[in-house]
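> First, the structure itself, so that you have it in front of you.
The values are calculated or read from the model by the stated rules, or taken from the named source; none is laboratory data. The model shown is predicted, which means the values in this text are computed figures rather than measured ones. Cβ sites come from the backbone with ideal geometry, for glycine too, and all protein chains shown count toward neighbours.
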Amino acid sequence: MQGYSQHNFAAGKIIDSTTNRPIKNVSIKVYDEKKIIGYFSGDSLGHFKIPVLLLNGSTHVDFQATDYKNLLYTNKNKGTLSDQTIFIGLFKMKPDIVNLKEVVISQPKRYRDTINIKLHDQVFERSIMIDDLFSGKLGFYKDNNGKLYYNGKLVSDVLVNGADFFGKNNMEIYKNLPALVLNDVDIIETDIDSLTNVTLLRPTIKVNLKLKDKYKGGKFGTANLGAGSLSRYTAGADLYMYNKSQQLSLFANSNNVNLQDGSGQEPNISFSSNGNNTQNSSSSMMYRNLFYKNKIEFNAFLKGKINSTKFESISERRDEILGQLSNTFTSSNLKKASLEAANLYFNYAIDSLNRLKLSQVTEYNDNRQLDSLSYLLTVNNSTNNSGVNKLRNSDVLLSVKKIEYQKKFSKKGRIANIVASLSNRTHNVNENNLVVEQFDLAASKYIFEGIRNLVERTTDLNSEFTEPIGNDGFIKFLLTYRKEKLNLEERLIKDGLSNSDIFEHYSYNYLKQGVKIYKNLNNLALDATFIGITNIRQSQIEKETFFNIDAVISVDYKLIKQRKLFGQYSRTTNYPNVNQLTSINNSFDIISQQLGNAELKPEVKNKLEFTYDLKRTDSLTLELTGNLERFSSKFGLNISSSPGITQSVFFDNMGNSNNAEVAFSMSSTSKGSKNFNYRIGLSYVEMPGFFNDNKEMNRSINTNQMLSTNRVIIRDVLSISPAIAVSASKYYYQKNSNNQYNITYLDRILLKLFNLQLTVAPLINYNYNLTNNFSFASNMELKRSFLKDYGHAWIKVYDIFNTYAPINNLNTSFYTQSVRFSNLNRYFLIGASIKFNNLK
């Protein structure tokens, strides 16, 4: 199959030979002798089209349909068809009637089909990117989430010359790589798993982009620069360089328009509650190379970031059970410096059956936060005014070393894996607080200082052995040993006197033994995993042993080609993390403080879920989903509180609770970039907790709907992309209840005239919780292309009418809270972005 967007087609129709009714969704393969050179399908009315250019090079065409005998069409006009739209005939397929006594049940056919799209003779303008070919051309298209489809089937992986290209499945890269580099494209569809060699119930599709010889090395990238009112700015650039064995990418960005990492492409102005006064600067480097006859692969990734945020907020919090109302005024200045990644990877393919992998991962985060807070508490007609000046410094250093050995045997599907890793994470926290309180007529002033150090050391040893069961299944044996050590030192000082010194040491030993079984029974696939976990926990005081069984049992049933039913039962043990076991991240908030609970036991979750996927056509999917959850020893909040005294909060085991959810969704995606998505869901959630040693079972009932679409009003001129979300929740606290409603409308109105493009993005939001809140705002962008679409000059306006004033609402087991942010102002940016490359 080739790129035939500029060629005419040969048309035909396929009908039933006995009823003369059209046969829908016929599979069509075009052959040149024994080689498949094209793959097409008929529509719901039996019509089909084949490019004349392709038909001229074919010897025969094979038509296939369920319950019909194959029909072979011999092309007697090979090489003589003119390049114009023609009708090649009415094709009649005979029903495949089988006498039941002759039916023989056999194993499903295993296959690996490759469709080749030849592009070597195509002439693309430099402004046409590979991403443009993925958007409605050559059988490709993308949905609203950026997922790539080929002829209605989801693409699982995209490769370049058979390997990763600047990161696995990095779809953003193809927005900057010109299509002229392509020689051809392979679409590989198979129902054979490449690792275990089993037959899959749901086939996978991979896309391999093959580059022309002259373009097996090159450079490309993007850059942007913009400045505007309120001292707003953005600047960024990315550069990609590659050849046959090496890949190198460099990136740098700095902005104060709420782009977290940014990119070399132009900024996308968006609404954010507390990001308008955020300055971000980041840079990264990725290097990949192959050595020693491509047997050794080396990867390095380095990324650093500096972040500075200033914001003000007003929050109103109501403690439902205590009856306490608090207002908090916050002014915060947060600075963060982080080495988000300093990673090294070595992969050594010793031979075709043996592989060794080594890796070193390093991360570091350093936070400096200066806060000024003012509290107003009202309870039982008493008022408490408090002020806090807080300086908090914290840093976390993580280092992980890992070695993995994989052994494949001569028997396909037999595999052994051994992985050993050593992890060290160090937390350091230092916080100083100056507190001034006035309760009724009494005033007091005092200092809080807290110093915490926590060291986590983890050793892991994992082993797996996979044994195939024919071509349709395997059994995998699992064995894991894990040892964790936690050492916590904590010192709390009030007014210069040492109030408490804590030294805690814990060790956790895990031994996991299990088995995983997979079996494909034609239209039914069974996947089951059973793991027994022994956990020994030891502290200075006591030693405890827990034993749990984790299980996941999945049933995937293909009723007919388009309808699929998936069901799963799982039992999962959730072990407490370091933030629940210790108070390492607790801040000295005079309203509420979160403490650690070293005695917290594992939480067990049993979950039953199903998905009924009714895929009506390649472009329309209807899906019904649901799940039931039951927790035992559920994690929840244990709160001790009384009027005028700081709440103490820690995670504890609450006993049993239940959750449930059911949802219906509909999705339509077409090659013309028209998308329609709708979802409605209903859920029930139980939120148990302890309040002053009394257990409370709080509950909520939630419903939500979401509708989004995009429609072309005037082709190549006007389009809209509206979305609306509606949610309603009812929360029950003891004998009281609280309602919350939210309605949000978003749109993206796009108008194109000549080289100008105008985008208007309105937002309307209504929210009710503690108060009513209505927000309306709109962003706008005016863009003009130059250098044959390689560059764009733009003007972007954030919040045209200066009306954006959001309220963020939070509901927990015992309180509701609304937060209103300030520092949200209208601004505009003027700038330009440009693509560049040496690919001509």
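> Going by what's in this entry, would Ile584 be described as closer than 26 Å to Tyr481 by Cα and either outside any strand (DSSP E or B) or not small (Gly, Ala, Ser) (or both)? Please lay out each step first, then the result.
Details: closer than 26 Å to Tyr481 by Cα: no; either outside any strand (DSSP E or B) or not small (Gly, Ala, Ser) (or both): yes.
Judged against the criteria, Ile584 is not a match.
> Taking the range 308-328 as the search range and keeping residues that are hydrophobic (A, V, I, L, M, F, W, C) and more than 30 Å from Asn280 (Cβ to Cβ), which one is modelled with the highest pLDDT? Spell out how you get there, then give the answer.
Within the range 308-328, the subset hydrophobic (A, V, I, L, M, F, W, C) is 311, 314, 321-322, 325.
Add one more test, that the residue is more than 30 Å from Asn280 (Cβ to Cβ), and what stays is 321-322, 325.
On the way: Ile321: 62, Leu322: 62, Leu325: 74.
Among those that are hydrophobic (A, V, I, L, M, F, W, C) and more than 30 Å from Asn280 (Cβ to Cβ), it is Leu325.
> Here's another thing I want to ask about it. Scanning for something hydrophobic (A, V, I, L, M, F, W, C), within 30 Å of Asn299 (Cα to Cα) and in a strand (DSSP E or B), does the range 316-327 turn up at least one residue?
Within the range 316-327, none of the residues are hydrophobic (A, V, I, L, M, F, W, C), within 30 Å of Asn299 (Cα to Cα) and in a strand (DSSP E or B).
> Considering only residues of the range 387-416 that are under 20 Å from Asp371 (Cβ atoms) and touching a Ser or Thr at 6+ places or on another chain (Cβ under 6 Å), which is modelled with the lowest pLDDT? If you could, list the steps in order and put the result at the bottom.
If we filter the range 387-416 for residues that are under 20 Å from Asp371 (Cβ atoms), which is where we start, we get 387-396.
Right, trim to touching a Ser or Thr at 6+ places or on another chain (Cβ under 6 Å) and you get 387, 389.
Working: Gly387: 79, Asn389: 84.
The residue in question is Gly387.
> In this structure, does Leu624 turn out to be farther than 30 Å from Arg392 by Cβ, assigned to a strand (DSSP E or B) and modelled with pLDDT under 90? Let's see the steps before the verdict.
Values: farther than 30 Å from Arg392 by Cβ: yes; assigned to a strand (DSSP E or B): yes; modelled with pLDDT under 90: no.
Taking the combined requirement at face value, the residue does not satisfy it.
> In addition: Does at least one position in the range 132-145 carry a residue that is under 24 Å from Arg748 (Cα atoms), of a type outside the set (Val, Ile, Thr), assigned to a helix (DSSP H, G or I) and out of contact with any Gly (no Cβ under 7 Å at 6 or more places or on another chain)?
For the range 132-145, residues under 24 Å from Arg748 (Cα atoms), of a type outside the set (Val, Ile, Thr), assigned to a helix (DSSP H, G or I) and out of contact with any Gly (no Cβ under 7 Å at 6 or more places or on another chain): present.
> Next question. Take the residues in the range 401-442 that are closer than 30 Å to Asp495 by Cα and out of contact with any strand residue (DSSP E or B) (no Cβ under 8 Å at 6 or more places or on another chain); name whichever of them is surrounded by the most Cβ atoms within 10 Å (Cβ to Cβ).
Within the range 401-442, the first condition is being closer than 30 Å to Asp495 by Cα, and the residues that meet it are 426-442.
Filter once more, so that each one left must be out of contact with any strand residue (DSSP E or B) (no Cβ under 8 Å at 6 or more places or on another chain): 441-442.
Values: Leu441: 5, Ala442: 8.
Once the filter is applied, the top-ranked residue is Ala442.
> Taking only pairs six or more apart or across chains, which ones have beta-carbon atoms under 6 Å, a first residue in the range 352-370 that is closer than 17 Å to Asn280 by Cα, and a second residue that is assigned to a strand (DSSP E or B) and among the small types (Gly, Ala, Ser)?
Every condition considered, the pairs that remain are Asn365/Ser338; Asp366/Ala337; Asn367/Ser394.
> Within the range 240-249, does at least one residue satisfy the condition of being in contact with a Gly (Cβ under 7 Å, 6 or more places away or on another chain), surrounded by fewer than 18 Cβ atoms within 10 Å (Cβ to Cβ) and of a type outside the set (Lys, Arg)?
Yes, because at least one residue in the range 240-249 is in contact with a Gly (Cβ under 7 Å, 6 or more places away or on another chain), surrounded by fewer than 18 Cβ atoms within 10 Å (Cβ to Cβ) and of a type outside the set (Lys, Arg).
> Does any residue of the range 687-696 turn out to be among the aromatic types (Phe, Trp, Tyr), surrounded by fewer than 16 Cβ atoms within 10 Å (Cβ to Cβ) and assigned to a strand (DSSP E or B)?
Going residue by residue through the range 687-696, those that are among the aromatic types (Phe, Trp, Tyr) are 690-691.
This time we only want the ones that are surrounded by fewer than 16 Cβ atoms within 10 Å (Cβ to Cβ), so: none.
No: zero hits.
> Run down Leu373, Leu353 and say which single residue is surrounded by fewer than 17 Cβ atoms within 10 Å (Cβ to Cβ) and either touching a strand residue (DSSP E or B) at 6+ places or on another chain (Cβ under 6 Å) or farther than 25 Å from Phe477 by Cβ (or both).
On the way: Leu373 fails: surrounded by fewer than 17 Cβ atoms within 10 Å (Cβ to Cβ).
Just a single option satisfies the conditions, and that option is Leu353.
> Restricting attention to the range 208-228, report how many residues are part of a strand (DSSP E or B) and without any contact (Cβ under 8 Å) to a residue 60 or more places away in the chain. Spell out the reasoning first.
Initially, the range 208-228 is screened for residues part of a strand (DSSP E or B), giving 208-211, 218-228.
Next cut, without any contact (Cβ under 8 Å) to a residue 60 or more places away in the chain only: 208, 210-211.
The number of residues fulfilling the criteria is 3.
> Just give me the residues in the range 56-71 being surrounded by 21 or more Cβ atoms within 10 Å (Cβ to Cβ) and either of a type in the set (Lys, Arg) or modelled with pLDDT under 85 (or both), in sequence order.
Ala65
> Would you confirm whether or not the range 359-374 contains a residue that is at pLDDT 85 or above and aliphatic (A, V, I, L, M)? It would help to see each step written out before you state the result.
Filtering the range 359-374 down to residues at pLDDT 85 or above leaves 359-368.
So of that shortlist, the ones also aliphatic (A, V, I, L, M) come out as 361.
Yes, that holds for at least one residue.
> On to the next question. Return the residue satisfying two criteria in turn: it lies in the range 439-469 and is touching a residue at least 24 places away in the same chain (Cβ under 8 Å) and not in a strand (DSSP E or B), and of such residues it is nearest to the chain's Cα centre (by Cα). Don't jump to the end; show me each part of the working.
Step one: of the range 439-469, the residues touching a residue at least 24 places away in the same chain (Cβ under 8 Å) are 439-440, 446-469.
Adding the requirement that they be not in a strand (DSSP E or B) leaves 440, 469.
Numbers: Asp440: 51, Ile469: 34 Å.
My answer is Ile469.
> For the range 821-829, check the following and say yes or no: at least one residue is buried (at least 18 other Cβ atoms within 10 Å of the Cβ), modelled with pLDDT of 90 or more, over 30 Å from Met697 (Cβ atoms) and not hydrophobic (A, V, I, L, M, F, W, C).
Within the range 821-829, none of the residues are buried (at least 18 other Cβ atoms within 10 Å of the Cβ), modelled with pLDDT of 90 or more, over 30 Å from Met697 (Cβ atoms) and not hydrophobic (A, V, I, L, M, F, W, C).
> Still on this structure: Residues in the range 491-504: is at least one surrounded by 15 or more Cβ atoms within 10 Å (Cβ to Cβ), among the aromatic types (Phe, Trp, Tyr) and in a strand (DSSP E or B)? Before you say what the answer is, go through the steps one by one.
First, the residues of the range 491-504 that are surrounded by 15 or more Cβ atoms within 10 Å (Cβ to Cβ): 491-494, 504.
Then drop every residue that is not among the aromatic types (Phe, Trp, Tyr), which leaves none.
No, there is no match, as no residue in the range 491-504 is surrounded by 15 or more Cβ atoms within 10 Å (Cβ to Cβ), among the aromatic types (Phe, Trp, Tyr) and in a strand (DSSP E or B).
> Hey, another quick one. Which numbered condition in (1) in contact (Cβ under 8 Å) with a residue 40 or more places away in the chain; (2) assigned to a strand (DSSP E or B); (3) farther than 30 Å from Asp121 by Cα is the only one that Val185 fails?
It is condition (3) that Val185 fails.
> In addition: Which condition from (1) part of a strand (DSSP E or B); (2) of a type outside the set (Phe, Trp, Tyr); (3) in contact (Cβ under 8 Å) with a residue 40 or more places away in the chain is the one that Val30 breaks?
Result: Val30 passes all but (3).
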